Amino acid sequence: MPLDEARISPLDRGFLFADGVYEVIPAYAGTLFRLGEHLDRLGASLAAIELANPLSRTDWTALFNALIEQNGGGNIYIYLQVTRGAAAKRDHAFPVPPVAPTIFAMTGQIATPAADMPDTTPGVAAITLDDIRWSRCDIKSVALLANVLMRQQAVSEGASEAILIRDGFATEGSASNFFIVKQGVIVTPPKSHLILPGITRDLLVELARKHGMPVEEKEVTEAELKSADEVWISSSTREVVPVTRLNGHPLGDGRPGPVWKQMARYYVDFKRALCGL
Ligand code: PDD
C-alpha cells in the first residue's frame, strides 16, 4: 500500500518500548541476496525476545518478492520490522494474552556501493567512540538510540561511521561490522553478544577463505585498529567500504588499500554470479 496509507497504533510496543526486531535485506536486479541467512537471523532475534515468528520462510519470501516486484525491482533493499503489537494498555511486561505482532516492510534504493567503483572511490572517514550500548548487541533490535547518537556524532564531525570501543577492544560500527588488515592478514572480531552477527561480515570471511586470503576472527584492540594498514566497514546496504581516515588522520596512505580492492572484486563477482547479473 502507499506509505501514507499505512497505519500503526500509537500503542504499538515498537513505538512505546522499541519492543521489536528488524532486518535489512538487499536485492540485486530483483533477486534477494543471502535471504536464507537473513531469515535465520530474524528467527534468532525473534527467539531472543520471545516473540513467535509470525510467518513461515515461504510466506516471508513471497511477501518480499511481491514487495520487490511492486516497487520496480532493480537494486533495492527490504526493511522489515516485527514488533510485539499494540496492547490495550501500556505495561512493560508482555501482553496477556498475546496480541497480534505488527509487521511492517518497505523497500528503499541501494546507492552504488564502493565495491562497484574500486578505482574511483575515495573511501570514508570514521571516528572511534565509546560503545555505550547494552550487552545484547547480537539481537537486531529496533532499540537503536545509542547507535543513532553515535552515528550522529560521527556525522557532526564530518565522518560517516563511528567504530565503537568497549574495554579497549573495537566491537563494530554504529551500523556496520568492521575489518582491519595488518601485514596482509584480514582480522574481524569474533561473534559474541557484543556485536551483530553481520550477514555481510560472514560473507567476507567466507570469500576470504575461499580465495585463500589470510583471515582471522579475533579481538582487535583500539591500538591495532588505529595502526592498521587498512580498515573496512561492512553492511547489507554498503557492502564493504574502505575507511581511509580515522579520527581525522589518514589510514595507511589515505587511499583504499590493495587487500580491499581484491576483496571488492571477489564480492562483486559473487554478487553478479548469485543474482545472474
Ligand atoms: N545495519 N552491526 C550493526 C550494529 C548494524 O546495524 C549492521 C547493519 C551491521 C551489519 O550487518 P549486515 O551485514 O547483516 O547488514 C552490523 C543495517 C544495515 C541497518 O541498520 O540499516
Checked the stretch 155-171 for anything free of Cβ contacts under 8 Å to residues at least 40 places away in the same chain, within 14 Å of the ligand (Cβ to nearest atom) and within 22 Å of residue 138 (Cα to Cα); matches are 162, 164, 166
Among the numbered criteria (1) more than 16 Å from the ligand (Cβ to nearest atom); (2) within 14 Å of the chain's Cα centre (by Cα); (3) basic (Lys, Arg), which single criterion is violated by residue 140?
(1)
Quick check on this structure: which one of 238, 209 is within 16 Å of the ligand (Cβ to nearest atom), basic (Lys, Arg) and within 21 Å of residue 197 (Cβ to Cβ)?
238
Please verify whether residue 135 is surrounded by fewer than 12 Cβ atoms within 10 Å (Cβ to Cβ), over 21 Å from residue 191 (Cβ atoms) and of a type in the set (Ser, Thr, Tyr), treating the condition exactly as stated.
no
Name every residue in the stretch 186-206 that is near the ligand (Cβ under 8 Å from one of its atoms) and closer than 16 Å to residue 163 by Cβ, in order of residue number.
195, 196, 198, 200, 201
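Okay, residues lined up against (1) without any contact (Cβ under 8 Å) to a residue 24 or more places away in the chain; (2) farther than 22 Å from residue 234 by Cβ:
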position: 9; (1), (2): no, yes
position: 19; (1), (2): no, yes
position: 28; (1), (2): no, no
position: 37; (1), (2): no, no
position: 54; (1), (2): no, yes
position: 72; (1), (2): yes, yes
For the stretch 222-262, give me the residue count where each residue is assigned to a loop (DSSP other than H, G, I, E, B) and of a type in the set (A, V, I, L, M).
2
Enumeration of residues in the stretch 21-60 that are within 11 Å of the ligand (Cβ to nearest atom) and not in a helix (DSSP H, G or I):
22, 23, 24, 25, 26, 33, 34
Filter the stretch 212-231 down to the residues that are surrounded by fewer than 19 Cβ atoms within 10 Å (Cβ to Cβ), away from the ligand (no atom under 16 Å from the Cβ) and of a type outside the set (A, V, I, L, M) and list them by number.
212, 214, 216, 218, 219, 221, 222, 224, 226, 227, 229
Subset of the stretch 149-191 [acidic (Asp, Glu), surrounded by fewer than 19 Cβ atoms within 10 Å (Cβ to Cβ) and within 18 Å of residue 257 (Cβ to Cβ)]
none
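Bear in mind that the values in this text are calculations on the coordinates, not laboratory data. In this text, all values refer to a predicted model and were calculated from it rather than measured experimentally. Note that each Cβ is placed from the backbone with ideal geometry, even for glycine, and that neighbours are counted across all protein chains shown.
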